[in-house]
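One structure is given below, encoded as structure tokens.
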Amino acid sequence: MYFPAYKVKAEDLLFGKVEVSEESGLSLITPWGIKIKRARLLGTVVDKYVKTDGTYGVINVDDGSGVIRVKVWREDLKMIENIKEGDIVDVIGRIKERDGEVYITPDVIIKVTDPNFEILRELEILEERWRLLKSGKKPNEEISLKERIVEVLRREKKRMGVEEISKLLEAPMDEIERLLRELLAEGKIVESEVGKFEVI
């Protein structure tokens, strides 16, 4: 069965809820309550990795709201062979999840050369959200500060201290420190050196 690709922001995938059923497989419920199986994400490639044996590759796509990994295997590696860091890409593909990470396996990756396309996509998503608001829909709940801490650590890909995280998220240092301790206890992050944290 064919499922249309829904235009999303990275945050829709990062903070959505994954559902799996025997009948329909994996779906994701966005914070706006929209159930999707395929996504269309526009953003900048901030990192690329291809395994030396040619069996696996990944690009990290950042759209300003978060970073999503786009993973390809074997014959699909040709989709990213001409993609490099700094390229703007429009990714259309299936939503997948493993070990708590939501990612995309692409059906197609389009390299975008006109930067105005980013503005157009942003307007399209804002228009859709405005339509949802007018129809009475609202985001299920605000993204928790704890989730935002994890996303910042994942996006920045470096060890970060309480003060730096506090400034980025514009949140009180004592609250950031408390939540970091909770995340440590939950095993979601590590304190790789005194006062410096990173995701596992």
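Just so it is clear, none of the values below were taken in a lab; they were calculated from the coordinates. Being a predicted model, the structure only gives us computed values, none of them experimental. With ideal geometry, Cβ positions are generated from the backbone for all residues, glycine too; neighbour counts draw on all protein chains shown.
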Specify the residue that is farthest from Pro4 (Cα to Cα); the eligible residues are those in the stretch 41-77 that are acidic (Asp, Glu) and outside any strand (DSSP E or B). Asp53
For the structure I just gave you, tell me whether Ile110 is on the phi < 0 side of the Ramachandran plot and either touching a helix residue (DSSP H, G or I) at 6+ places or on another chain (Cβ under 8 Å) or acidic (Asp, Glu) (or both). no
Residues located in the stretch 176-200, provided they are surrounded by 12 or more Cβ atoms within 10 Å (Cβ to Cβ) and part of a loop (DSSP other than H, G, I, E, B): Lys188, Gly195
Which listed residue, of Gly64, Gly54, Gly33, is among the small types (Gly, Ala, Ser), out of contact with any strand residue (DSSP E or B) (no Cβ under 6 Å at 6 or more places or on another chain) and in contact (Cβ under 8 Å) with a residue 60 or more places away in the chain: Gly33
Index of the failed condition, Arg148 passing every other in (1) within 18 Å of the chain's Cα centre (by Cα); (2) surrounded by fewer than 12 Cβ atoms within 10 Å (Cβ to Cβ): (2)
What pairs come out if I take residues in the stretch 175-200 that are under 16 Å from Arg148 (Cβ atoms) and pair them with residues that are part of a loop (DSSP other than H, G, I, E, B) whose C-beta lies under 8 Å away, six or more apart or interchain? Lys188/Ile200; Ile189/Ile200; Phe197/Arg159; Phe197/Gly161; Glu198/Lys158; Glu198/Arg159; Val199/Lys188
Are any residues in the stretch 78-128 under 19 Å from Ser65 (Cα atoms), of a type in the set (Val, Ile, Thr) and surrounded by fewer than 15 Cβ atoms within 10 Å (Cβ to Cβ), and if so, which ones? Ile119
